[in-house]
Amino acid sequence: MIFAVVEDSRSQAEVLKALLKSEGYQVEVFANGESFLAALPGGGFDFYVIDWALPDISGDILVGKIREQCGWDVPVVVCTARTEEDFASDILRQGADDYIPKPVRYMEFLARVNVLLRRVQGKTPSLLRFGRIELDVEGRRIRLNGQEVELTQREFDLAVVLLNNIGRVLGRDELLSSVWVREADVDTRTVDTHASRLRKKLGLAGESGLMLMSVYGQGYRLDAVNR
């Protein structure tokens, strides 16, 4: 799970990052709204922690952009020094799931994060995110950096198998039996052709945050990479 922390105070950001990493989460910190918005379309973030009073862009704009681009299932927590009741209600109405008063009480912060995660993890997600790829299995749609990618039926099926087995070597015969179940006239060269097409279409040479590797004598492995 990847957290985006948007906080202009370096010391505050480092503490929040350390707390979240101590819980086993990945964290990317942004010092201003502009750098965060540049990373938002392809960031693949699962949870957002937003400082409401940033030097360049106000928190309401950031929350609006998150809801516009990522939907309403992803958790958003706002940190703010303002605690008036009407201001707090405005934050929630504008799309935040919760707000945390500053100075942040760190154990309370973690508790609130975990409450939101339990709520989210109790739902079946409409979209699955892998790096910069969004997979909608039910709708049979796939997006890279927010843009829909046109795949054939077999390309989509192969992408689903690979994305659900990140880090695992999948043999060509295993992929054939999983994707081309009832087609007797195909061989392992078909797997190689479709894998090559997916590498280009879905940015699986690292551009998507994922790398599709050919494992000599075995098959393919999809790995997460940092770029």
Complete set of residues in the range 34-51 that are under 27 Å from residue 24 (Cβ atoms) and either in contact (Cβ under 8 Å) with a residue 40 or more places away in the chain or charged (D, E, K, R) (or both): 41, 42, 43, 44, 45, 46, 47, 48, 49, 50, 51
Name the single residue, out of those in the range 79-98 being open to solvent by less than 30 Å² (accessible area, probe 1.4 Å) and over 16 Å from residue 116 (Cβ atoms), that is modelled with the highest pLDDT. 80
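In the range 152-160, is there at least one residue being open to solvent by 40 Å² or more (accessible area, probe 1.4 Å), touching a strand residue (DSSP E or B) at 6+ places or on another chain (Cβ under 9 Å) and either at pLDDT below 90 or under 20 Å from residue 128 (Cβ atoms) (or both)?
No: the range 152-160 contains no residue that is open to solvent by 40 Å² or more (accessible area, probe 1.4 Å), touching a strand residue (DSSP E or B) at 6+ places or on another chain (Cβ under 9 Å) and either at pLDDT below 90 or under 20 Å from residue 128 (Cβ atoms) (or both).
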So in the range 99-113, with the set limited to residues that are at pLDDT 85 or above and among the hydrophobic types (A, V, I, L, M, F, W, C), which one is most open to solvent (accessible area, probe 1.4 Å)? 111
Can you tell me which residue is surrounded by the most Cβ atoms within 10 Å (Cβ to Cβ) among those in the range 1-30 that are out of contact with any strand residue (DSSP E or B) (no Cβ under 8 Å at 6 or more places or on another chain) and in a loop (DSSP other than H, G, I, E, B)? 23
Restricting attention to the range 127-143, does a residue exist that is exposed (fewer than 12 other Cβ atoms within 10 Å of the Cβ) and touching a strand residue (DSSP E or B) at 6+ places or on another chain (Cβ under 7 Å)? no
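The values are calculated or read from the model by the stated rules, or taken from the named source; none is laboratory data. Remember, predicted model here, so these are calculated numbers, not experimental data. Note that we place each Cβ from the backbone using ideal geometry, even for glycine, and neighbour counts take in every protein chain shown. The protein model used for the area step is the full one, side chains on, heavy atoms only, and it has no ligands, DNA or RNA in it. Shrake-Rupley method; radii C 1.70, N 1.55, O 1.52, S 1.80 Å.
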